[in-house]
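Take a look at the structure set out below.
The values are calculated or read from the model by the stated rules, or taken from the named source; none is laboratory data. None of these values were measured; they are calculated from a predicted model. So basically every Cβ, Gly included, is an ideal-geometry build from the backbone, and we count neighbours across all protein chains shown. Ligands, DNA and RNA are stripped out before the accessible areas are found, and what is left, the full protein with its side chains, is counted by its heavy atoms. Shrake-Rupley method; radii C 1.70, N 1.55, O 1.52, S 1.80 Å.
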Amino acid sequence: LLLEYVSDKIDAVTLAGKGTGGLEELKQNLKEDQAAYGFLRVIVGNDELSRRAKFVFITWIGPRVKVMRKAKISVHIADVKSVLKSFSVEIPASSLEDLDGEEVVTLVKKSMGANYDGQATK
């Protein structure tokens, strides 16, 4: 799920995209001059019994976002979080390198508490 501002001068947020392509698809739709919010579903676990769906909330502030938009994000983020409430991890990102797939999965696993990935199942 990707939410973007309607324009630089309007503070309304609109649905800019949705999909099933995961983090890579989300990253392809982030723009350098745009601020946006992402809501990503991640499946983690090493077997059928430990697989869980967890959600990641991403605040994207592209490297070329205008100063006033950056300043308003700190106020608007609370409103967005009041709608997208259930997430395990929050990631602020200002470059695509901040959204490394392995690092995102690691953060989600850490948020789950106990990690049984090293154990074998019978």
Would you mind computing, in nm to one decimal, how far apart the modelled labels at V83 and T106 are, each placed 7 Å from Cα along Cα→Cβ? 3.3
Could you tally the net charge around I43, taking each other residue with its Cβ under 9 Å from the Cβ of I43, Lys/Arg +1 and Asp/Glu -1? +4
Of the accessible area of the range 5-97, computed with a 1.4 Å probe and all protein chains kept, carbon and sulfur make up a percent value of 53
With angles folded into 0 to 90 degrees, how steeply does helix 67-83 sit against the dominant principal axis of the chain? Use alpha carbons for both and round to 10. 50
I'm spelling it out carefully: the read-out is Cα extents along the principal axes in Å, the candidates are (1) 106, 49, 21; (2) 58, 26, 22; (3) 81, 19, 17, and one was derived from this structure. Which label? (2)
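Using a cut-off of 14 Å between beta-carbons, work out the net charge of the residues near D8 (Lys and Arg +1, Asp and Glu -1, D8 not included). Write down the numbers at each step before the final one.
On the way: positive: K9, K31, R64, K66, R69, K70, K72; negative: E4, D11, E32, D33.
Net charge around D8: +3.
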How far apart, in nm, are the 7 Å Cα→Cβ label points at S95 and S74? 2.3
